[in-house]
Amino acid sequence: MEERLYDLIFICRPATPEEEISKIVATLEHSAAEHGGKVEKTEKWGTRRLAYRVSKHREGFFVYMVLRSAQSDIIKELERRLKVSDAVIKYQTVRLDEDLKRQQKLVHHRERRASRRPRKTGAAPAPQQQVPPAAEQTAAS
Amino acid sequence: MSDEPIKASPETPAATPAPSAPRAEGGSSGGAHRSEGHSGGGGGQRREGFSGGGGGGQRREGGGPGGPGGGGPGGPRRGGKRQYFRKKKVCRFCVERVDFIDYKKVEMLQPFVQDRGKILPRRMTGTCSRHQRWLGEAIKRARNIALLPFATEL
């Protein structure tokens, strides 16, 4: 299976001591490594206001991680751990590689179009509108 | 409110005779609306229903003198004169060439959400369909992790 990219955000109770959060992060990294994944980035966003009440808290300590893994079991395991730990009040994992792939495709597409356009305007300004579809067809086939 | 100019926009060119006829008959006849065409009739009717009881009378008064400045988009509609041209809205994401809407950037999503947390419709923001789709997804993700509200309490 190809590698997948995940975003993992979890929110801790605002009263949680800093070292406990670090401990949670460490255990997550450890278990990620065990399951053949890799934590690419860990960011502590600090205490932020929540948009709505979560288990009677109005604020929470946000931690953001980026994971890369070829196995989906890793998410199951990490979420299980987050669920079990008392300090964590909310978590969310989002798979991002498909979105990013789409983004790259669009960027690539735009670059190609941008590189093609100047040639056309220089060669024949009048039939400009009819040329691009034909050119695309030849490029596609 | 701000949604009036947008709702009125599709019917601006087509439904010129619309205001006068239904105005005389009041809200009783739906038939006149329907015969005018799908786009014009539907929008107009809904607007009347929306502002409903109190608003109707006031509007008519405002429209009489030819749309005072404060009336804004409402004025030209009632008066029969259509000199009010709406600027065409452009998708903000297309202009900036956004290929991926990040759900973590709350300040970027905020303008597309009402104060109470509702996602603003395309007709108000001018977002293109593709970007609106991505935007909706991003907003829903942000909601899930308490970055944006589902609906504000209090």
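The values are calculated or read from the model by the stated rules, or taken from the named source; none is laboratory data. The shown structure was predicted, so the numbers you read here are calculated from the model rather than taken from an experiment. A quick note on method: Cβ atoms are made from the backbone with ideal geometry, for glycine too, and the neighbour counts reach across all protein chains shown. Accessible surface is based on the protein model in full, side chains and every heavy atom, while ligands, DNA and RNA are left aside. Shrake-Rupley method; radii C 1.70, N 1.55, O 1.52, S 1.80 Å.
Counting protein heavy atoms only and a 1.4 angstrom probe, how many square angstrom of accessible surface do chains A and B bury in total, to the nearest 100?
It comes to approximately 2000 Å² buried between A and B.
Based on the Kirkwood radius over alpha-carbon pairs, what is the Stokes-Einstein translational diffusion coefficient of the stretch A:5-117 at 25 °C with 0.890 mPa s viscosity, in µm²/s?
It comes out at roughly 158 µm²/s.
Taking the Cα centre of the stretch B:104-143 as origin, sum charge times position over the Cβ atoms of Lys and Arg (+1) and Asp and Glu (-1), and report the length of that vector in debye to the nearest 20.
160
How much net charge surrounds B:F100 when only the other residues with a Cβ under 14 Å from the Cβ of B:F100 are counted, with Lys and Arg +1 and Asp and Glu -1?
Once positives and negatives cancel, what remains is +3.
Which pairs, out of A:K38/B:K140; A:K101/B:K88; A:K41/B:K118; A:K105/B:K87; A:K23/A:K105, put more than 30 Å between their alpha-carbon atoms?
Over 30 Å apart, Cα to Cα: A:K101/B:K88; A:K41/B:K118; A:K105/B:K87; A:K23/A:K105.
Where Lys and Arg each count +1 and Asp and Glu each count -1, what net charge lies around A:Y91 among other residues with Cβ under 10 Å from its Cβ?
Summing Lys and Arg as +1 and Asp and Glu as -1 gives +2.
Roughly how crowded by other chains is peptide A:57-68, in terms of the mean Cβ count from those chains within 10 Å of each of its Cβ atoms?
Shielding by partners across A:57-68 averages 1.
What does the charge count around A:K76 come to, taking other residues whose C-beta lies under 15 Å from its C-beta (Lys +1, Arg +1, Asp -1, Glu -1)?
So the environment of A:K76 carries a net charge of +1.
Nothing charged except the Cβ atoms of Lys and Arg (+1) and of Asp and Glu (-1): what's the magnitude of the dipole of the stretch A:1-45 about its Cα centre? Round to the nearest 20 debye.
The calculation lands at about 120 debye.
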